[in-house]
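**Student:** This is the structure I want to talk about, given as structure tokens.
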Amino acid sequence: MAKQRVFSGLRPTAESPHLGNWLGALNQWVNLQDEYDCFFSIVDWHALTTSYDDTTALRENTLGAAINFLSAGLDPKKSPIFVQSHVPEHVELHILLSMITPISWLERCPTYKDQMIQLGKEGKDLSTYGFLGYPVLMASDILIYKASVVPVGEDQAPHLELAREIARRFNYLYGKVFPEPQIRLSEVPMLPGIDGRKMSKSYGNFITMSAETEEIKEKVRLMITDPQRIRKTDPGNPDICVVYAFQKIFNSEETSKIEQSCRSGEIGCVECKRILIEKMDQRLTPIREKRKELANNPGLVEDILADGAARAREVARQTLEEVKEKMGLLMPKE
Ligand code: ADP
């Protein structure tokens, strides 16, 4: 039986993906590689939807994301790893799908309004054509590979819903081409940032996957704990504590012990943070080392990306042919 197809992507909007990207997406991708036919992309056009005003680091960030894909354990022999803009077929499908996508579907998308407000406060103008069309581009990324499974964090659920609606509308208007892609959440669908909001590159509350020990220490020290807890002996409420959310992930064997001693006021936040720093550092050290090794060999990473784009294009071209045929476009003479 043919393996089910998976597509997922990550925006190169920072020097390195953050722990939310790793635990919510990348780490899950690694586990899917054998069971599914996977395509993984560094979606640079998506990065431009919000970071169009400063592209000085885009190239470097794109390569950095690829290095992190590889250091997190993705195997380019199993799954093509490629840069979105190296596969221009995505854009052609995007324009075709934009013809059948009502603007109201895009305007009512909760992430559209939310990011406009959040980033608007920082002075960013997101009233652009490109940002409104983000979900159409994402639908194109997924549908061009006819992916039926999309492993992403919870924040992407509304976009996936839109991708399904667009696929359904296309299939209804022109005949069936696309499967309706389903979301697949990881064990960590929403990692909080150090301030308690969703960890996001856009909110500046993140810890990167490549953070050195000193940076981990600094960020964990800034993490928000139970605000009612003033003295060490005050009983704490782990349910509202960012450090506890991280303990559950990085120190699962000791979670129940830590929970009890927090509630009873036996362990203070400083000690709890010290334990967490140690555990996080242990987990991130091998990734960091692999990253350094790859960073010294950018030629190898670029070769992997070129091979990934070539393999992705082969599939993308076939879908596009089928789409154009169904939509009634005149094909150029061979
Ligand atoms: P960001 O929101 O930081 O700009 P992206 O939009 O590039 O990140 O998201 C890349 C992937 O990482 C998506 O699958 C997204 O759902 C996932 N992701 C992002 N932030 C988090 C988070 N805080 N917790 C879990 N998954 C996340």
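**Student:** Kindly indicate which of K124, K113, K146 is basic (K, R) and away from the ligand (no atom under 16 Å from the Cβ). Walk me through how you get there before you give the answer.
**Tutor:** Working: K124 fails: away from the ligand (no atom under 16 Å from the Cβ); K113 fails: away from the ligand (no atom under 16 Å from the Cβ).
Of K124, K113, K146, the one residue that is basic (K, R) and away from the ligand (no atom under 16 Å from the Cβ) is K146.
**Student:** Taking L70 as meeting all but one of (1) within 16 Å of the ligand (Cβ to nearest atom); (2) surrounded by fewer than 22 Cβ atoms within 10 Å (Cβ to Cβ); (3) of a type in the set (A, V, I, L, M), write down the number of the exception.
**Tutor:** (1)
**Student:** Confirm whether A139 is more than 16 Å from the chain's Cα centre (by Cα), closer than 23 Å to S79 by Cβ and at pLDDT 95 or above.
**Tutor:** On the way: more than 16 Å from the chain's Cα centre (by Cα): no; closer than 23 Å to S79 by Cβ: yes; at pLDDT 95 or above: yes.
No; evaluated as a whole, the condition is false for this residue.
**Student:** What's the total number of residues in the stretch 142-156 that are over 21 Å from E35 (Cα atoms) and out of contact with any Pro (no Cβ under 9 Å at 6 or more places or on another chain)? It would help to see each step written out before you state the result.
**Tutor:** Residues of the stretch 142-156 over 21 Å from E35 (Cα atoms): 154-156.
Those still in the list that are out of contact with any Pro (no Cβ under 9 Å at 6 or more places or on another chain) too: 156.
Final tally of qualifying residues: 1.
**Student:** Of all residues in the stretch 194-216 being crowded, with 16+ Cβ neighbours inside 10 Å and not in a loop (DSSP other than H, G, I, E, B), which is nearest to the ligand (Cβ to nearest atom)?
**Tutor:** K198
**Student:** Here is a list: E180, E215. Which entry is touching a strand residue (DSSP E or B) at 6+ places or on another chain (Cβ under 9 Å) and among the charged types (D, E, K, R)?
**Tutor:** Values: E180 fails: touching a strand residue (DSSP E or B) at 6+ places or on another chain (Cβ under 9 Å).
Going through E180, E215 in turn, just one is touching a strand residue (DSSP E or B) at 6+ places or on another chain (Cβ under 9 Å) and among the charged types (D, E, K, R): E215.
**Student:** Could you run through the stretch 258-277 and say how many residues are surrounded by fewer than 13 Cβ atoms within 10 Å (Cβ to Cβ) and not hydrophobic (A, V, I, L, M, F, W, C)? Steps first, answer last, please.
**Tutor:** If we filter the stretch 258-277 for residues that are surrounded by fewer than 13 Cβ atoms within 10 Å (Cβ to Cβ), which is where we start, we get 260, 264, 270.
Subset that is not hydrophobic (A, V, I, L, M, F, W, C): 260, 264.
Residues that pass the stated criteria total 2.
**Student:** Could you grab me the full set of residues in the stretch 165-186 that are within 11 Å of the ligand (Cβ to nearest atom) and either more than 16 Å from W22 (Cα to Cα) or not in a loop (DSSP other than H, G, I, E, B) (or both)? Full working, then the answer.
**Tutor:** Residues of the stretch 165-186 that are within 11 Å of the ligand (Cβ to nearest atom), as a first pass: 183-186.
Across the stretch 165-186, the qualifying residues are I183, R184.
**Student:** If I224 satisfies every condition in (1) crowded, with 19+ Cβ neighbours inside 10 Å; (2) within 16 Å of the ligand (Cβ to nearest atom); (3) aliphatic (A, V, I, L, M) but one, which is the exception?
**Tutor:** (1)
**Student:** Still on this structure, please answer the following. Just one of (1) closer than 19 Å to A157 by Cα; (2) touching a helix residue (DSSP H, G or I) at 6+ places or on another chain (Cβ under 8 Å); (3) not in a loop (DSSP other than H, G, I, E, B) trips up L119, so point out which.
**Tutor:** (1)
**Student:** Related question: Checking the structure you have, find out if any residue of the stretch 99-106 is β-branched (V, I, T), within 16 Å of the ligand (Cβ to nearest atom) and buried (at least 16 other Cβ atoms within 10 Å of the Cβ). Lay out the reasoning, then the answer.
**Tutor:** Going residue by residue through the stretch 99-106, those that are β-branched (V, I, T) are 100-101, 103.
Next cut, within 16 Å of the ligand (Cβ to nearest atom) only: none.
No, that holds for no residue.
**Student:** So, P189, is that one within 14 Å of the ligand (Cβ to nearest atom), part of a loop (DSSP other than H, G, I, E, B) and surrounded by 15 or more Cβ atoms within 10 Å (Cβ to Cβ) or not?
**Tutor:** Numbers: within 14 Å of the ligand (Cβ to nearest atom): yes; part of a loop (DSSP other than H, G, I, E, B): yes; surrounded by 15 or more Cβ atoms within 10 Å (Cβ to Cβ): yes.
Answer is yes for this residue.
Rundown of residues vs (1) more than 13 Å from the ligand (Cβ to nearest atom); (2) open to solvent by less than 10 Å² (accessible area, probe 1.4 Å), yes/no style:
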| position | (1), (2) |
| --- | --- |
| A14 | no, no |
| N27 | no, no |
| S41 | no, yes |
| S51 | no, no |
| N61 | no, no |
| V87 | yes, yes |
| H90 | yes, yes |
| L93 | yes, yes |
| L96 | yes, no |
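**Student:** Please indicate, with yes or no, whether at least one residue in the stretch 297-316 is assigned by TED's automatic domain parsing to the domain that holds I95, in contact with an Asp or Glu (Cβ under 6 Å, 6 or more places away or on another chain) and in a helix (DSSP H, G or I).
**Tutor:** yes
**Student:** Further question on the same structure: Any chance you could count how many residues in the stretch 236-257 are within 24 Å of the chain's Cα centre (by Cα) and either assigned by TED's automatic domain parsing to the domain that holds G24 or open to solvent by 50 Å² or more (accessible area, probe 1.4 Å) (or both)?
**Tutor:** Within the stretch 236-257, residues that are within 24 Å of the chain's Cα centre (by Cα) and either assigned by TED's automatic domain parsing to the domain that holds G24 or open to solvent by 50 Å² or more (accessible area, probe 1.4 Å) (or both) number 2.
The values are calculated or read from the model by the stated rules, or taken from the named source; none is laboratory data. As the structure is a computational prediction, the values presented were derived from the model and not from experiment. Note: ideal-geometry Cβ built from the backbone for every residue, glycine included; neighbour counts use all protein chains shown. Heavy atoms of the whole protein, side chains included, go into the accessibility calculation; ligands, DNA and RNA do not. Shrake-Rupley method; radii C 1.70, N 1.55, O 1.52, S 1.80 Å.
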